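K.L.:
Handing you a structure now.
The values are calculated or read from the model by the stated rules, or taken from the named source; none is laboratory data. In this text the structure is predicted, and so the values were computed from the model without any measurement. Don't worry about glycine lacking a Cβ; one is built from the backbone with ideal geometry, like all the others, and counts go over all protein chains shown.
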Amino acid sequence: MKVLCVLYPDPVEGYPITYARDSIPKIERYPDGFPTPTPKAIDFKPGELLGSVSGELGLRRFLEERGHTLVVTSDKDGPDSVFERELPDADVVISQPFWPAYLTKERIAKAKKLKLAITAGIGSDHYDLKAAMEAGITVAEITWCNSISVAEHAVMMILTLVRNYIPSYKWVVNGGWNIADCVSRSYDLEGMDVGVVGAGRIGRSVLKRLKPFDVKLHYTDQHRLPKEVEEELGVQFHPDVESLVRVCDVISIHCPLHAGTENLFNEKLISKMKRGSYIVNTARARICDRDAIVKALETGQLAGYAGDVWFPQPPPMNHPWRWMPNHAMTPHISGSTLSAQGRYAAGVREILECWLEGRPIRNEYLVVHEGKLAGVGAHSYKV
Ligand code: NAD
């Protein structure tokens with residue numbers, strides 16, 4: 001079996017030999033009791049850099065000892081890329097949403113042997129799910145592996161925008177002490193109306209983390225939460241995104257990218273938001289209309305935009321989100337902390353063990369299986 005694995009490049013100063021911390025907390029269950037990955041063994045130390053090329057998701061020994069071939073590359077775009085050259089005889093493709101191997105319909109047509117596409121992370125929109133269904137490819141992701149990682153990042157970004165953190169930090173490193181410049185765009189989050197689009201694993205975790213900030217919480221989702229969960233979180237349900245954005249000061253987006261969410265935040269929807277609203281998007285870039293976001297920041301309709309998701313990834317130098325005003329963007333990193341990497345590398349190993357031994361993959365990991373949406377895919381995606 002040939003496994004083709006696309007990972008992001010190593011750090012510019014080389015693969016780390018030491019780390020900032022000696023260990024990471026051991027987490028055995030997620031907040032709803034769902035167990036973290038349970039492979040039979042792992043060949044890495046949790047807390048190591050696994051998502052870059054030299055980290056190899058800790059898979060080489062496991063695969064090669066069993067007589068399989070592992071090809072790891074970061075060269076993923078264009079017809080001459082290593083990914084495209086290696087694809088025709090690959091049985092399994094693995095990639096992370098942070099550095100996605102775009103598995104388009106055209107590439108799937110060339111991948112005659114491909115039977116399994118694994119997302120080392122969450123969010124499998126970089127694989128053409130419809131084409132995967134038609135080709136009989138199973139698509140699986142590591143449900144829950146980095147949901148808390150992203151929730152923490154989203155809360156950080158909400159505070160970053162509302163408190164005007166990045167410009168204030170810049171005054172310090174540039175040698176200034178310009179308090180008035182810093183605070184003339186700085187507010188308290190307390191008392192604001194904060195809404196999430198999608199109250200799945202990440203959305204609910206964001207709501208839970210924001211509750212102690214004494215904000216008014218709102219959400220919309222195609223699946224309404226049980227009444228007791230709404231009451232526990234103190235969150236108000238909105239039947240559609242429009243009624244949500246009208247009342248909110250801050251919106252955090254946590255739904256997958258699919259046919260029903262692409263370009264959801266377009267000029268029309270943004271015009272219905274309160275002037276000076278903030279959007280945090282750690283879900284997928286194409287849920288927002290790229291140019292509508294730039295325009296809304298320029299006119300002041302949005303007071304800030306932050307997130308870590310772009311299209312394409314990596315974005316070109318002239319991507320307007322690099323240069324638009326009042327943004328606090330990072331590269332796509334929220335779900336790839338060292339803590340998260342240990343979980344999704346173990347999750348990939350668990351899926352490969354199941355696949356090789358003919359055991360079923362956990363239903364919650366499945367996005368597409370046997371020609372249709374399955375597991376988390378059937379719950380959260382539309383094709
Ligand atoms: P999840 O499946 O637990 O939750 C997704 C929720 O979105 C579900 O409740 C679903 O019903 C809801 N939803 C789907 N379509 C909707 C719509 N049209 N309107 C409102 N709600 C809708 O998944 P999750 O773990 O919470 O992850 C959500 C998404 O976050 C992923 O699909 C991925 O795109 C993104 N993500 C990003 C990172 C990152 O590093 N930035 C990491 C993990 C996940």
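K.L.:
For VAL367, indicate whether it is crowded, with 22+ Cβ neighbours inside 10 Å, on the phi < 0 side of the Ramachandran plot and β-branched (Val, Ile, Thr). It would help to see each step written out before you state the result.
P.N.:
On the way: crowded, with 22+ Cβ neighbours inside 10 Å: yes; on the phi < 0 side of the Ramachandran plot: yes; β-branched (Val, Ile, Thr): yes.
In short, yes.
K.L.:
Using the structure shown, decide if GLN313 is more than 14 Å from the ligand (Cβ to nearest atom) and of a type outside the set (Phe, Trp, Tyr).
P.N.:
Working: more than 14 Å from the ligand (Cβ to nearest atom): no; of a type outside the set (Phe, Trp, Tyr): yes.
So GLN313 does not fit the description; no.
K.L.:
In addition: Among the candidates LEU189, LEU233, which residue alone is touching a helix residue (DSSP H, G or I) at 6+ places or on another chain (Cβ under 8 Å), surrounded by fewer than 23 Cβ atoms within 10 Å (Cβ to Cβ) and under 21 Å from GLY300 (Cα atoms)? Explain how you work it out, then say what you get.
P.N.:
Values: LEU233 fails: under 21 Å from GLY300 (Cα atoms).
None of the other options fit; the residue is LEU189.
K.L.:
Report yes if ILE202 is within 16 Å of the ligand (Cβ to nearest atom) and either in a loop (DSSP other than H, G, I, E, B) or within 29 Å of CYS248 (Cβ to Cβ) (or both), otherwise no. Reasoning before the result, please.
P.N.:
Details: within 16 Å of the ligand (Cβ to nearest atom): yes; either in a loop (DSSP other than H, G, I, E, B) or within 29 Å of CYS248 (Cβ to Cβ) (or both): yes.
Against the criterion (within 16 Å of the ligand (Cβ to nearest atom) and either in a loop (DSSP other than H, G, I, E, B) or within 29 Å of CYS248 (Cβ to Cβ) (or both)), ILE202 qualifies.
K.L.:
Does GLY175 qualify as being out of contact with any Gly (no Cβ under 7 Å at 6 or more places or on another chain), on the phi > 0 side of the Ramachandran plot and within 16 Å of the ligand (Cβ to nearest atom)?
P.N.:
Criteria not met by GLY175.
K.L.:
I've got another one for you. Of the residues in the stretch 178-199, how many are on the phi < 0 side of the Ramachandran plot and within 16 Å of the ligand (Cβ to nearest atom)?
P.N.:
Qualifying residue count, the stretch 178-199: 5.
K.L.:
Of everything in the stretch 325-342, what is crowded, with 23+ Cβ neighbours inside 10 Å and more than 11 Å from the ligand (Cβ to nearest atom)? Give them in sequence order.
P.N.:
GLN341, GLY342
Yes/no matrix, rows are residues, columns are (1) within 29 Å of ALA283 (Cβ to Cβ); (2) buried (at least 19 other Cβ atoms within 10 Å of the Cβ):
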residue: GLY14; (1), (2): no, no
residue: PRO25; (1), (2): yes, no
residue: THR36; (1), (2): yes, no
residue: GLY58; (1), (2): yes, yes
residue: LEU87; (1), (2): yes, yes
residue: PRO97; (1), (2): yes, yes
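K.L.:
Check the stretch 63-76 and report whether any residue there is at pLDDT 95 or above, within 20 Å of the chain's Cα centre (by Cα) and outside any helix (DSSP H, G or I).
P.N.:
For the stretch 63-76, residues at pLDDT 95 or above, within 20 Å of the chain's Cα centre (by Cα) and outside any helix (DSSP H, G or I): present.
K.L.:
A further question follows. Step by step: first the residues of the stretch 269-287, then only those that are among the basic types (Lys, Arg) and more than 16 Å from the ligand (Cβ to nearest atom), then the one that is surrounded by the fewest Cβ atoms within 10 Å (Cβ to Cβ). Which residue is that?
P.N.:
Start the filter on the stretch 269-287 by keeping residues that are among the basic types (Lys, Arg), which leaves 272, 274-275, 284, 286.
Right, trim to more than 16 Å from the ligand (Cβ to nearest atom) and you get 274-275.
Values: LYS274: 13, ARG275: 11.
Applying the filter and picking the extreme gives ARG275.
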